[in-house]
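> Got a structure here, written out as C-alpha cells. Questions coming.
The values are calculated or read from the model by the stated rules, or taken from the named source; none is laboratory data. Since we're looking at a predicted model, the values are computed, not measured. Reconstructed Cβ throughout: ideal geometry from the backbone, glycine too, with neighbour counts over all protein chains shown.
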Number of protein chains: 2
Amino acid sequence: MMSSGPFILLDSARCRQNIARMEEKARTNGLVFRPHFKTHQSHAVGRWFREVGVNRITVSSAEMAGYFAKDGWNDITIAFPLSRFHVEAVNRLAENIHLNITFSSIRNMLDALPLISQNVGVLIEVDVGHHRTGVNISDTRQIALMVNQVAENPKLAFRGFIAHAGQSYSVTGEKNVLAIHNQAMGELVKLKSFWSQQYPEIVISYGDTPTCSLADDFWGVNEIRPGNFVFYDIMQHLIGSCSLDDIALALICPVVDVYPEREEAVVHCGAVHLSKDFVLFPESNRCYGLVCPYNGIRWGAPVEGAYVTSLSQEHGIISFGASGQPFPFHVGDLVAILPVHSCLTLDTMGEMVTESGEKISTMRSRKR
Amino acid sequence: MMSSGPFILLDSARCRQNIARMEEKARTNGLVFRPHFKTHQSHAVGRWFREVGVNRITVSSAEMAGYFAKDGWNDITIAFPLSRFHVEAVNRLAENIHLNITFSSIRNMLDALPLISQNVGVLIEVDVGHHRTGVNISDTRQIALMVNQVAENPKLAFRGFIAHAGQSYSVTGEKNVLAIHNQAMGELVKLKSFWSQQYPEIVISYGDTPTCSLADDFWGVNEIRPGNFVFYDIMQHLIGSCSLDDIALALICPVVDVYPEREEAVVHCGAVHLSKDFVLFPESNRCYGLVCPYNGIRWGAPVEGAYVTSLSQEHGIISFGASGQPFPFHVGDLVAILPVHSCLTLDTMGEMVTESGEKISTMRSRKR
C-alpha cells in the first residue's frame with residue numbers, strides 16, 4: 001500500500017464487472033469490441049480485457065500503442081489524427097503489429113500520408129456533431145478524395161470510418177444521450193451502406209461511454225470503442241451512464257484540517273492528484289469530486305452534502321452543507337474522493353492500488 | 001529533443017532571470033529567500049537557485065523534501081500542514097537535514113505532534129485572509145496553545161509563523177494585489193512584534209508570487225517563499241505579476257487539423273499535457289492558454305485573437321477570432337502554448353527541454 005496517500009484505490013471487482021458488461025453488450029449486438037485504453041493506460045487492466053476475449057484495442061497516441069504492443073497487443077487503432085511528427089513512431093510499430101491510423105481530413109492526410117513506409121490500415125474520422133475533429137459526414141467529396149488517396153497507395157488498407165459522438169458528454173439523462181446516439185446511427189448507417197458497396201469489409205467504429213452505456217441498439221455501426229466505462233466517474237454518473245456503485249476508483253487522502261465554523265475540511269488532495277475537471281453540481285457550484293467515508297478497506301456511499309469545491313496544487317477544500325447534520329470530518333481521517341473525470345485522475349497519479357494491496361502501474365507511472 | 005511533442009520548452013535564460021530578480025529583491029530587503037520548489041520540482045532548476053546563493057527552500061510534501069534532500073538541500077520547510085500519515089517520512093528525513101514542519105491548527109498539531117521522534121523546527125500557519133488553511137491570525141488563544149505545545153517538547157524548536165496571502169490570485173492589477181499585501185503586512189508585523197519578545201529568533205515567512213513580484217516593501221516579515229515566479233504563466237500575467245516576456249516555459253505541440261470555416265485549429269495538446277486550469281479571458285470565455293508561433297528554436301509573441309478554448313484528454317481546440325486576419329494555423333505546424341498555470345503543466349508533463357536541447361527531469365518524471 002502506498003503508505004500515506006493520496007493514492008488511487010481501485011475496486012477491481014467493479015472494474016472487471018464494468019468490462020464484462022460492456023463486452024457482453026458488444027457481443028450480443030454482434031459488434032467488434034475495441035475498447036479505448038487511454039482511460040487505464042495499464043498492462044494489468046488490459047489483461048482483464050484479454051481474459052474476456054478482447055484482442056483488438058484503441059489508443060490515443062503512437063506512444064500508447066507502443067506501450068501496449070510491449071504487452072502483446074497486436075491489433076491497435078490509434079484514434080487520434082496522425083501528424084507528421086508521429087509518423088516515424090508509427091512506421092516502427094507497424095513493422096510488428098497490425099496498426100490502424102486515423103486521419104481527420106484531407107489536410108492532415110496529405111501532410112502525413114506520404115511519410116508512411118509500412119503497411120498500415122487507415123481510418124477516416126467523420127464528424128457526427130461533436131465538431132472537434134473529423135470530416136463533416138455529409139462532405140462526400142472530401143471523403144471520396146481521402147478514400148482515393150488510400151486506395152492509390154499499395155501500403156495502405158482502407159479500413160473504414162471512425163466517429164466519436166462526444167457531444168453526449170454535454171447532456172444529461174438517457175433520453176438526451178439516446179437522441180444523440182440515434183442521430184449518429186442514422187448518419188453512420190448511410191455512410192456504411194454507401195461505402196460498403198465498394199469496400200464490403202469496412203468498419204464503422206464508434207464509441208463514447210455515454211452512448212455505449214445507455215444504448216441497446218447499434219444498427220449503424222459494427223465496432224464500439226468506449227474507454228471511460230472501465231472506471232466511470234462522477235461526470236458519467238451525472239450524465240446517466242452509470243450508478244455511483246459502478247465507479248471503480250477513488251482517491252484516498254488524509255483530512256489535514258477541519259474548519260467546522262466555515263463548514264469546510266481540507267484534504268491533502270490537490271490538482272496534482274485529482275486533476276482539475278469539475279462539474280457544476282449541485283446547481284451551479286463547481287464540484288471536483290464527491291466525498292465518501294473510507295474504512296481502510298473500501299469506501300462507502302458519498303457523504304450527503306459534501307463536495308470538493310476548490311483545489312490548489314496540493315490542497316483540496318471539502319464543503320459540507322447538509323443542514324442540521326453534525327460536521328462529519330476529523331483531522332487524521334482518511335476519506336475517499338470519487339473523481340469527476342477518472343481518466344485524468346489516473347493520468348495525473350500514474351498508478352493505483354487494488355483492494356488486496358496489489359500495485360497497478362500505468363504508462364504514466366512516475367520514476368520515483 | 002523529445003521528437004514529436006507535445007513537450008515543454010524551457011527558456012532557461014528567462015528562468016534564471018526570474019530567479020535572479022527575486023533573489024535580488026529578497027536581498028535588498030534584508031529578507032531570507034526560501035523559494036518554493038513545488039513549481040519546478042527539479043534538481044537542475046534548483047541548482048540555478050544555489051548558484052545565486054540560495055541555501056534554504058520550501059516544498060509542499062515530505063516526498064518532495066526527500067527528493068531535494070537527495071540533491072544536497074539540507075534546510076527545508078514543508079509548507080503544508082503535517083498529517084499523521086506523513087510523520088514517518090518526516091522522522092526519517094529529519095535524521096539528516098534541518099527540517100521545518102507546519103501545523104495549521106491545534107487540531108492537526110495534537111494529532112501528529114506526539115508521533116515526532118526527531119529534532120525538527122515547527123512553524124505555525126496563520127490565515128491572513130485566504131481562508132484555506134491556518135489559524136485565524138487574530139485567534140491569539142489558539143496560537144498561544146500551539147506555541148506552548150511546541151515549547152514543552154524538547155525535540156521541537158519553535159521557528160515562527162508562516163502565511164500565504166493566496167487571495168492575491170483572485171484579483172488583478174498592482175493596486176489590488178498591494179492592498180492585500182499591505183493588509184497582510186499590517187497583521188503580520190503585529191504578530192511578529194508580540195511573539196519576538198519571547199522568541200527573538202522567529203521567522204515570519206510569507207510568500208505568493210503576486211505579492212512578492214509586485215511589492216517592494218516587506219516590513220512585516222523576514223522571509224519570502226514564492227514559487228511560481230520561476231516560470232510565471234498566463235494567470236500571473238493577468239494578475240499583473242509579470243510581463244508575457246517573463247514567462248519561461250511553453251508547451252510545444254503539433255497542429256493536427258484546421259477548420260478555418262469555424263475559426264478553429266486542433267492541436268495535440270490535451271488535458272494530459274497542459275492540465276485543465278483556465279482563466280476567463282478575454283471577457284468571460286474560458287482560456288486554457290495563449291498560442292504563439294514557434295520557429296523550432298524559440299517562441300514568439302502570442303498570436304492576436306488566438307486562445308486555447310477547449311481541452312479533452314489529448315485534443316486542444318484553438319479558437320481564432322481576430323477579425324479580418326487570415327487564418328494563421330496550418331496542419332503540420334508546431335505552435336507554442338503559454339500555459340495558464342505553469343506549476344500544473346510541468347507537474348503533468350514531468351519534464352522539460354531547454355532551448356539548447358538539454359533535458360530537465362523532475363520528481364514527477366515518467367518511467368517510460
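> When you look at residue A:177, is it crowded, with 20+ Cβ neighbours inside 10 Å and of a type in the set (Val, Ile, Thr), yes or no?
Yes.
> Something else now. Here are A:310, A:323: which of them is free of Cβ contacts under 8 Å to residues at least 40 places away in the same chain and assigned to a loop (DSSP other than H, G, I, E, B)?
Only one candidate qualifies: A:323.
> Would you say residue A:207 is within 28 Å of residue A:13 (Cβ to Cβ), within 12 Å of chain B (Cβ to nearest Cβ) and under 24 Å from the mean Cα position of the chain (by Cα)?
Spelling it out, it is not the case that residue A:207 is within 28 Å of residue A:13 (Cβ to Cβ), within 12 Å of chain B (Cβ to nearest Cβ) and under 24 Å from the mean Cα position of the chain (by Cα).
> Would you mention how many residues in the stretch B:113-130 are among the small types (Gly, Ala, Ser) and under 30 Å from residue B:185 (Cβ atoms)?
Here is the first cut: in the stretch B:113-130, the ones among the small types (Gly, Ala, Ser) are B:117, B:121, B:129.
If we keep only those that are under 30 Å from residue B:185 (Cβ atoms) too, we end up with B:121, B:129.
Of the residues in that region, 2 qualify.
> Could you tell me whether any residue of the stretch A:196-210 is assigned to a loop (DSSP other than H, G, I, E, B), closer than 21 Å to residue A:169 by Cβ and aromatic (Phe, Trp, Tyr)?
no
> Let me ask something else about it. Considering only residues of the stretch A:298-338 that are acidic (Asp, Glu) and either closer than 13 Å to residue A:250 by Cβ or crowded, with 17+ Cβ neighbours inside 10 Å (or both), which is nearest to the other protein chains (Cβ to nearest Cβ)? Before you say what the answer is, go through the steps one by one.
First, the residues of the stretch A:298-338 that are acidic (Asp, Glu): A:304, A:314, A:333.
Retained after the next criterion (residues that are either closer than 13 Å to residue A:250 by Cβ or crowded, with 17+ Cβ neighbours inside 10 Å (or both)): A:314, A:333.
Working: A:314: 5, A:333: 10 Å.
By that ranking, first place goes to A:314.
> If the requirement is being out of contact with any Ser or Thr (no Cβ under 9 Å at 6 or more places or on another chain) and closer than 20 Å to residue A:166 by Cβ, which of these qualifies: A:136, A:148?
A:136
Residue-by-condition table, conditions (1) small (Gly, Ala, Ser); (2) touching a strand residue (DSSP E or B) at 6+ places or on another chain (Cβ under 9 Å); (3) more than 25 Å from residue A:211 (Cβ to Cβ):
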residue	(1), (2), (3)
A:63	no, no, yes
A:84	no, yes, yes
A:93	no, yes, yes
A:104	yes, yes, no
A:107	no, yes, yes
A:113	no, yes, yes
A:121	yes, yes, no
A:134	yes, yes, no
A:152	no, no, yes
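> Given the criteria more than 13 Å from chain B (Cβ to nearest Cβ), at pLDDT 95 or above and crowded, with 19+ Cβ neighbours inside 10 Å, does residue A:288 qualify?
No: the conditions fail for residue A:288.
> Wholly within the stretch B:1-106, which strands (runs of 3 or more DSSP E) include no fewer than the required count, namely at least 1 residues that are within 25 Å of residue B:135 (Cα to Cα) and in contact (Cβ under 8 Å) with a residue 60 or more places away in the chain? Talk me through it step by step, then tell me what you get.
On the way: elements: B:7-10, B:57-59, B:75-81, B:98-103.
Correct list: B:57-59, B:75-81, B:98-103.
> While we're on this one: Would you point out which residue out of B:122, B:126 is under 21 Å from the mean Cα position of the chain (by Cα) and of a type outside the set (Phe, Trp, Tyr)?
Residue meeting the stated conditions: B:126.
> In this structure, is residue A:28 more than 26 Å from residue A:296 (Cβ to Cβ) and buried (at least 22 other Cβ atoms within 10 Å of the Cβ)?
no
Conditions tested, residue by residue: (1) free of Cβ contacts under 8 Å to residues at least 60 places away in the same chain; (2) assigned by TED's automatic domain parsing to the domain that holds residue B:79; (3) closer than 20 Å to residue B:21 by Cβ; (4) in contact with an Asp or Glu (Cβ under 9 Å, 6 or more places away or on another chain).
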{"position": "B:203", "(1), (2), (3), (4)": "no, yes, no, yes"}
{"position": "B:221", "(1), (2), (3), (4)": "no, yes, yes, no"}
{"position": "B:248", "(1), (2), (3), (4)": "no, no, yes, yes"}
{"position": "B:266", "(1), (2), (3), (4)": "yes, no, no, yes"}
{"position": "B:269", "(1), (2), (3), (4)": "no, no, no, yes"}
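> Going by the structure shown, is residue B:293 within 14 Å of chain A (Cβ to nearest Cβ), surrounded by fewer than 23 Cβ atoms within 10 Å (Cβ to Cβ) and in contact (Cβ under 8 Å) with a residue 24 or more places away in the chain?
No, not satisfied.
> Could you list all residues from the stretch B:110-124 that are crowded, with 21+ Cβ neighbours inside 10 Å and more than 9 Å from chain A (Cβ to nearest Cβ)?
So the first thing to find is which residues in the stretch B:110-124 are crowded, with 21+ Cβ neighbours inside 10 Å, and the list is B:111-113, B:120, B:122-124.
Within the stretch B:110-124, B:113, B:120, B:122, B:123, B:124 qualify.
> Could you check, for the stretch B:281-290, whether at least one of its residues is out of contact with any Ser or Thr (no Cβ under 7 Å at 6 or more places or on another chain), free of Cβ contacts under 8 Å to residues at least 12 places away in the same chain and more than 30 Å from residue B:42 (Cα to Cα)?
There is at least one residue in the stretch B:281-290 that is out of contact with any Ser or Thr (no Cβ under 7 Å at 6 or more places or on another chain), free of Cβ contacts under 8 Å to residues at least 12 places away in the same chain and more than 30 Å from residue B:42 (Cα to Cα).
> What is the one condition in (1) surrounded by fewer than 24 Cβ atoms within 10 Å (Cβ to Cβ); (2) outside the structural domain of residue B:208 (by TED's automatic domain parsing) that residue B:8 does not satisfy?
(1)
> Ok, one more. Touching a strand residue (DSSP E or B) at 6+ places or on another chain (Cβ under 6 Å) and charged (D, E, K, R): which single residue out of A:223, A:283 fits that description?
A:223
> Kindly provide the set of residues from the stretch A:276-300 that are of a type in the set (Ser, Thr, Tyr) and over 17 Å from residue B:271 (Cβ atoms), ordered by number. I'd like the intermediate steps shown before the answer.
Here is the first cut: in the stretch A:276-300, the residues of a type in the set (Ser, Thr, Tyr) are A:284, A:288, A:294.
Correct list: A:284, A:294.
> Answer with yes or no whether residue A:89 is closer than 16 Å to residue A:203 by Cα and in the same structural domain as residue A:63 (by TED's automatic domain parsing).
no
> For the structure I just gave you, tell me whether residue A:213 is surrounded by fewer than 24 Cβ atoms within 10 Å (Cβ to Cβ) and of a type in the set (Gly, Ala, Ser).
For residue A:213, the condition - surrounded by fewer than 24 Cβ atoms within 10 Å (Cβ to Cβ) and of a type in the set (Gly, Ala, Ser) - is not met.
> Identify all residues within the stretch A:51-87 that are within 8 Å of chain B (Cβ to nearest Cβ) and over 21 Å from residue A:164 (Cα atoms); write none if there are none.
Result: A:84, A:85, A:86.
> In the list A:238, A:251, which residue meets the criterion of being at pLDDT 95 or above and either in contact with a His (Cβ under 7 Å, 6 or more places away or on another chain) or in a loop (DSSP other than H, G, I, E, B) (or both)?
On inspection, the qualifying residue turns out to be A:251.
> Sort out which residues of the stretch A:339-368 are more than 8 Å from chain B (Cβ to nearest Cβ), polar (S, T, N, Q) and not in a loop (DSSP other than H, G, I, E, B), and write them in order of number.
A:342, A:345, A:354
> Which of the residues spanning the stretch A:232-272 are within 14 Å of chain B (Cβ to nearest Cβ) and farther than 24 Å from residue A:351 by Cβ?
Within the stretch A:232-272, A:257, A:258, A:259, A:260, A:261, A:262, A:263, A:264, A:265, A:266 meet the criteria.
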